[in-house]
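Following: one structure in structure tokens, then a few remarks.
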Amino acid sequence: HSSAHLMAQAVKRLFPETQVTIGPVIEDGFYYDFKRDQPFTPEDLERIEAEMKKIVKADFKVSREELPKPQAIALFRDMGEHYKVEIIEAIADDHVSLYRQGEFVDLCRGPHVPNTGRLKAVKLTSIAGAYWRGDASNEQLQRIYGTAWATPADLEAYLKRVEEAKLRAHRRLGQVLALFSLHPI
């Protein structure tokens, strides 16, 4: 999850007008949903990854703090992060926890790595559309997926497994071997 915060920090540095929503851990990685007027491109992912490397090299301390809900709401409202305000307003507790690294702050339960320098094996993998809170009647967001591993060697091994799985995909093999064909409707 620390890698998701790393990515969100890089996105905010490169595209300050972007709003950060949620960014959970998933199997083999993480994602973060963003509200941005322009769609992210594959070239943007390259730029974001390069910025992430700068943040890792800066080795920012990651610190946790608790704030009373009204103070946290004011903080995120001042930052223009209305999705975070909505999340905080729905929390039953009277205090919320935040994590800071460098200039970046986000609402989060944690825990996180002690510093960004530990996040050396991270790769952004894809871009997709998503809806706020998974509801198609809500605003459409952009989701960036990534994966993070303990070491660069582990990351490379994972990426190799993914590529090998694509080569063995039944839809691809079926067409290559002329076992079946797929036609648009």
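The values are calculated or read from the model by the stated rules, or taken from the named source; none is laboratory data. Every value quoted in this text rests on a predicted model; they were computed, and no experiment measured them. As a convention, Cβ positions derive from the backbone with ideal geometry for all residues, glycine included, and neighbour counts pool all protein chains shown. Just the protein is used for accessible areas: all its heavy atoms, side chains included, with ligands, DNA and RNA removed. Shrake-Rupley method; radii C 1.70, N 1.55, O 1.52, S 1.80 Å.
LYS53 fulfils the conditions (1) touching a residue at least 24 places away in the same chain (Cβ under 8 Å); (2) under 13 Å from SER3 (Cβ atoms) except for a single criterion, (1).
Just one of the numbered conditions (1) over 24 Å from ARG133 (Cβ atoms); (2) in contact (Cβ under 8 Å) with a residue 12 or more places away in the chain; (3) open to solvent by 10 Å² or more (accessible area, probe 1.4 Å) is not true of HIS82: (1).
Could you list, in sequence order, all residues of the stretch 119-128 that are closer than 17 Å to GLU51 by Cβ and either part of a strand (DSSP E or B) or of a type in the set (Lys, Arg) (or both)? The answer is LYS120, VAL122, LYS123, LEU124, THR125, ILE127.
Table: residues versus (1) free of Cβ contacts under 8 Å to residues at least 60 places away in the same chain; (2) of a type in the set (Val, Ile, Thr); (3) surrounded by 12 or more Cβ atoms within 10 Å (Cβ to Cβ); (4) farther than 19 Å from ILE55 by Cα.
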site: ASP94; (1), (2), (3), (4): yes, no, no, yes
site: TYR99; (1), (2), (3), (4): no, no, yes, no
site: ALA130; (1), (2), (3), (4): no, no, yes, yes
site: ARG133; (1), (2), (3), (4): yes, no, yes, yes
site: SER137; (1), (2), (3), (4): yes, no, no, yes
site: GLN142; (1), (2), (3), (4): no, no, yes, yes
site: THR147; (1), (2), (3), (4): no, yes, yes, no
site: PRO152; (1), (2), (3), (4): yes, no, yes, no
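Number of residues in the stretch 117-136 that are more than 15 Å from the chain's Cα centre (by Cα) and within 16 Å of ALA58 (Cβ to Cβ): the value is 3.
In this entry, LEU67 is excluded by the filter for residues that are of a type outside the set (D, E, K, R), touching a residue at least 60 places away in the same chain (Cβ under 8 Å) and open to solvent by 10 Å² or more (accessible area, probe 1.4 Å).
A quick yes/no check of all residues on (1) at pLDDT 95 or above; (2) touching a Cys at 6+ places or on another chain (Cβ under 7 Å); (3) open to solvent by less than 50 Å² (accessible area, probe 1.4 Å); (4) in a strand (DSSP E or B):
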| residue | (1), (2), (3), (4) |
| --- | --- |
| ALA8 | yes, no, yes, no |
| VAL11 | yes, no, yes, no |
| PRO16 | yes, no, no, no |
| GLY23 | no, no, yes, no |
| PHE34 | yes, no, yes, yes |
| GLN38 | no, no, no, no |
| ASP44 | yes, no, yes, no |
| ILE48 | yes, no, yes, no |
| GLU51 | yes, no, yes, no |
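A search for C-beta distances below 6 Å between a residue of the stretch 38-50 that is under 17 Å from VAL122 (Cβ atoms) and any residue that is among the hydrophobic types (A, V, I, L, M, F, W, C) and open to solvent by 50 Å² or more (accessible area, probe 1.4 Å), counting only pairs 6+ apart in sequence or on different chains, returns PHE40/ILE127.
With respect to the conditions (1) under 17 Å from TYR145 (Cα atoms); (2) assigned to a strand (DSSP E or B); (3) among the basic types (Lys, Arg), ARG64 lacks only one, and its number is (1).
Here ARG109, ARG143, ARG100, ARG133 are screened, and the one residue that is in contact with a strand residue (DSSP E or B) (Cβ under 8 Å, 6 or more places away or on another chain) and not in a strand (DSSP E or B) is ARG109.
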